[in-house]
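Read through the structure below, which is laid out as structure tokens, and then see the notes.
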Amino acid sequence: MKQFKELFTPLPGNHYLQVSTCRDEISDIFEEMMQGVDGEFNLVLYNDENLNFSQSFRALPRSNDIVLLKDVFFAHQDQKMLLKLSYLSLANTANIIIMEKKGIMDIEALKAMLEEFEFRAPNDIDIVDGYDLVMAKKMHMWGNGL
């Protein structure tokens, strides 16, 4: 997970949001990062006690510097809605990360979908064992303009 941590440079007051099926090692990493910069970490869970895969999560517009969708994107009934909500909740120049167990996602199709939703410079990065990771950026004044 050392390489995963190196993807991020938390700044004072940053907000990281993880949307996942459970709390995990990445949740702990994000929480520790945010504590170190007086930031905020939020975890939204899709499981039996919380949201189901037809519901949307809630986040304020432009309130997050990172949105991580882990193990939920391809299980969700409305992937386009997840991308739209993520876009709206991200600050300008912030990043979206989609992580799924290896072999679940068509990486090139996902990159094209991210571009369609106005995320730029999508990259796939192989740094977490057992997972595919795609990361893209919301750019200021591009596309949707939010």
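The values are calculated or read from the model by the stated rules, or taken from the named source; none is laboratory data. Just so you know, these numbers come straight off a predicted model, no measurement behind them. Methodologically, a virtual Cβ is constructed for each residue, glycine included, from the backbone with ideal geometry; neighbour enumeration extends over all protein chains shown. Just the protein is used for accessible areas: all its heavy atoms, side chains included, with ligands, DNA and RNA removed. Shrake-Rupley method; radii C 1.70, N 1.55, O 1.52, S 1.80 Å.
The table that follows gives values for the structure above.
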read-out	value
Other-chain or far-sequence residues with amide H under 5 Å of Val19's (modelled H)	Val44, Leu68, Leu69, Lys70
Area accessible to solvent at Glu25, 1.4 Å probe radius, in Å²	110
Range of Cα positions in the range 1-74 per principal axis (Å), largest first	34, 28, 19
Label-to-label distance, nm, for residues given as Lys84 and Glu6 (7 Å Cα→Cβ offset)	3.9
For the chain: accessible area per residue (Å², 1.4 Å)	52
Kirkwood Rh and Cα Rg combined as Rg over Rh, evaluated for the chain	0.92
GNM top mover of Met99, Met135, Met113 - the chain, alpha-carbon springs below 10 Å	Met113
Mean separation of Cα contacts under 8 Å (6+ apart) over length of the chain, as relative contact order %	21
Accessible surface of the range 3-73 [probe 1.4 Å, protein heavy atoms]: carbon and sulfur percent	44
Exposure rank, largest accessible area first [Lys84, Lys70, Lys2, Lys111; 1.4 Å]	Lys2, Lys84, Lys111, Lys70
Counting DSSP beta bridges with both ends in the chain, the antiparallel % (nearest 5)	40
Spin-label pair Ile127/Asn92, simplified geometry with 7 Å Cα→Cβ offset, distance in nm	2.6
